[in-house]
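Asker: This is the structure I have questions about; it appears just below.
The values are calculated or read from the model by the stated rules, or taken from the named source; none is laboratory data. Because the structure is a prediction, the values reported are computed rather than measured. Note: ideal-geometry Cβ built from the backbone for every residue, glycine included; neighbour counts use all protein chains shown. Protein only, heavy atoms only, side chains kept; ligands, DNA and RNA dropped before computing areas. Shrake-Rupley method; radii C 1.70, N 1.55, O 1.52, S 1.80 Å.
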Amino acid sequence: VNCALITDVIDYSEIKNGVREDGSIYSLYSFARKMGQAAAAGLTGLFLTVIGYKKIPGEPLPESVKNGIFDISTLIPAIGFALLALVLWFWYPLHKSEVEKNVQILKEKHGT
């Protein structure tokens with residue numbers, strides 16, 4: 001997720017809750033990002049096990065394992081990006097018009 005979205009969320013939270021919570025929101029974002037990275041690393045090991053990856057020194061990898069590694073490297077990220085796009089398009093409430101409205105509200109609130 002683009003880091004610019006975090007500032008939009010912080011602004012939205014201030015409007016909704018009346019309190020600016022930069023640190024709390026960014027720390028939650030950072031924690032969630034780290035959990036996602038850990039999950040990705042774990043899932044990579046799981047997927048390698050599922051495709052039968054077992055490196056034996058001096059022996060080439062079977063073609064099925066090579067194809068499985070290619071699929072893990074291309075299909076899984078493509079599916080993840082597609083799901084993220086759907087979430088951002090249909091569930092994420094801060095589209096451009098909403099963000100512009102929030103910026104205007106905060107300008108009036110802070111007198112800038």
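Asker: With a cut-off of 8 Å between alpha carbons and a minimum separation of six or more residues, what is the relative contact order of the chain in percent? Before the final figure, lay out the partial values.
Answerer: Details: 37 pairs, mean separation 36.5, N = 112.
It rounds to 33 percent for the chain.
Asker: Additional query: Please list 3J(HN,Hα) in residue order for segment 71-80, calculated via the Karplus relation 6.51 cos²θ - 1.76 cosθ + 1.60 where θ = phi - 60°; whole Hz, with x for glycine and proline.
Answerer: 4, 4, 6, 10, 6, 4, x, 4, 5, x
Asker: Let me ask something else. How far apart, in nanometres, would the label points at Leu43 and His110 be if each is projected 7 angstrom from Cα along the Cα-to-Cβ direction?
Answerer: The two pseudo-label positions are separated by 3.6 nm.
Asker: Near Asp22, within a Cβ-to-Cβ distance under 15 Å, what is the net charge of the other residues, with Lys and Arg +1 and Asp and Glu -1?
Answerer: Details: positive: Lys16, Arg20; negative: Asp8, Asp11, Glu14, Glu21.
Computed value for this residue: -2.
Asker: Find the accessible area per residue for segment 10-90; the probe is 1.4 Å, ligands and nucleic acids are left out, and the unit is Å².
Answerer: On the way: 6060 Å² over 81 residues.
With all protein chains present, segment 10-90 gives 75 Å² per residue.
Asker: Moving on to the next point. Given labels modelled 7 Å from the Cα in the Cβ direction, how far is it in nm from Cys3 to His95?
Answerer: 2.8
Asker: Where does the chain land on Rg(C-alpha)/(2.2 N^0.38 Å)?
Answerer: On the way: Rg = 21.0 Å, N = 112, 2.2 N^0.38 = 13.2 Å.
Here the Cα radius of gyration is 1.59 times the empirical estimate.
Asker: Going Cα to Cα from Lys101, which lysines come in below 18 Å? Please leave out same-chain ones fewer than 8 positions away.
Answerer: Lys16, Lys109
Asker: Say each of Ile69 and Tyr29 gets a label point 7 Å from the Cα, pointing the same way as Cα to Cβ; how far apart are those two points in nm?
Answerer: Each label point is offset 7 Å from its Cα along the Cβ direction, giving 3.6 nm.
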